[in-house]
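Student: Before we start, here is the structure in question, set down as structure tokens.
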Amino acid sequence: MLAQKIYEDQSSLERLQSMGLTVDDFNFAVSRAIYESRRSSPLHPRTSAMSRAWEEVVAALRESLLSGLKGWNYIFNSGLEYTINSKLGLSIIVTSGNKDTGVFEGFPKSKNAKGAATENMISRNLDLFNADEQEDIEEFSGTLIDSTKTYVFLYYFDLGAQEVRCELSLPSAMSGINGHTKISAWSERIILPAVPFSSAVEIPEKEFNEEIDIVVSRK
């Protein structure tokens, strides 16, 4: 297993900068998600608040990254929502984590079980550590996915502390039994500042005058 690197505080900011990212991109996404989760009422299904939060994290992160005009795009591939930058060799997927998310001494895992698509993504990550193994790259409308290293943006709503802890981490292994396999090991963890619930950002109503083309991979 790859040795784990953990970044925190100033080293996290520097690591993000080296990747063409800023902590503001993630703070914005989480702040929007906090607001969206509050729109769920007791009449909604019990999973509504966290489902809304995940959807808004994905959308708001994309909004922040794409607005920078730095080559970001997004695709849907094998059931996973990727935000991707082929020039930077970087992809990001979003998922909720457990209580150890964003804790330096913790052992974070994905909250929900993951399937074959996530296993394949982790295998591609591991392959990319060996330049000789970068083969069979598939192209989707000019966007390369198999040549990018995929990080996971993990977040955890801590109701007791009234904050959302989060990190951007590189998955290296999964574990579990009876079909409940979760991402459980990371070769790199970039601990991000916790976002207090009071930082919720209201979501403006938007009108889309043009159809949005979503790239879907071939099967």
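The values are calculated or read from the model by the stated rules, or taken from the named source; none is laboratory data. The structure presented is a predicted model; accordingly, all values stated were derived computationally and were not measured. With ideal geometry, Cβ positions are generated from the backbone for all residues, glycine too; neighbour counts draw on all protein chains shown. These accessible areas exclude ligands, DNA and RNA; they are computed on the full protein's heavy atoms, side chains included. Shrake-Rupley method; radii C 1.70, N 1.55, O 1.52, S 1.80 Å.
Student: Anything in the stretch 79-106 that is closer than 29 Å to S48 by Cα and open to solvent by 60 Å² or more (accessible area, probe 1.4 Å)? List them, or say none.
Tutor: K99
Student: If you go through the stretch 134-148 one residue at a time, do you hit one that is more than 20 Å from the chain's Cα centre (by Cα), farther than 23 Å from E63 by Cα and modelled with pLDDT of 75 or more?
Tutor: No, that holds for no residue.
Student: Let me ask another. Looking only at the stretch 119-129, decide whether some residue is closer than 14 Å to K182 by Cα and either open to solvent by less than 60 Å² (accessible area, probe 1.4 Å) or in a loop (DSSP other than H, G, I, E, B) (or both).
Tutor: Yes.
Student: Say we look at the stretch 1-44 and pick out the residues that are in a helix (DSSP H, G or I) and open to solvent by 70 Å² or more (accessible area, probe 1.4 Å); which of these is farthest from C166 (Cα to Cα)?
Tutor: S18
Student: Now for a different question. What pairs come up if the first residue lies in the stretch 100-120 and is closer than 15 Å to V164 by Cβ, the second is open to solvent by less than 50 Å² (accessible area, probe 1.4 Å) and among the aromatic types (F, W, Y), and their beta carbons are under 7 Å apart, counting only those six or more places apart or on different chains?
Tutor: Note: pairs meeting the criteria are T101/Y155.
Student: Cβ-Cβ distance below 9 Å, separation of 6 or more or different chains: which pairs start in the stretch 35-46 with a residue that is among the acidic types (D, E) and end on one that is in a loop (DSSP other than H, G, I, E, B) and exposed (fewer than 10 other Cβ atoms within 10 Å of the Cβ)?
Tutor: From the stretch 35-46, no pairs qualify.
Student: Tell me, yes or no, whether the stretch 12-20 has at least one residue that is hydrophobic (A, V, I, L, M, F, W, C) and farther than 21 Å from P196 by Cβ.
Tutor: Scanning the stretch 12-20, I find at least one residue that is hydrophobic (A, V, I, L, M, F, W, C) and farther than 21 Å from P196 by Cβ, so the answer is yes.
Student: If F76 satisfies all but one of (1) hydrophobic (A, V, I, L, M, F, W, C); (2) farther than 28 Å from K5 by Cβ; (3) in contact with a helix residue (DSSP H, G or I) (Cβ under 8 Å, 6 or more places away or on another chain); (4) open to solvent by 30 Å² or more (accessible area, probe 1.4 Å), what's the number of the condition it fails?
Tutor: (3)
Student: Output the residues belonging to the stretch 154-198 that are small (G, A, S) and either within 17 Å of R32 (Cβ to Cβ) or open to solvent by 30 Å² or more (accessible area, probe 1.4 Å) (or both).
Tutor: G160, A161, S175, G176, G179, S184, A194, S198
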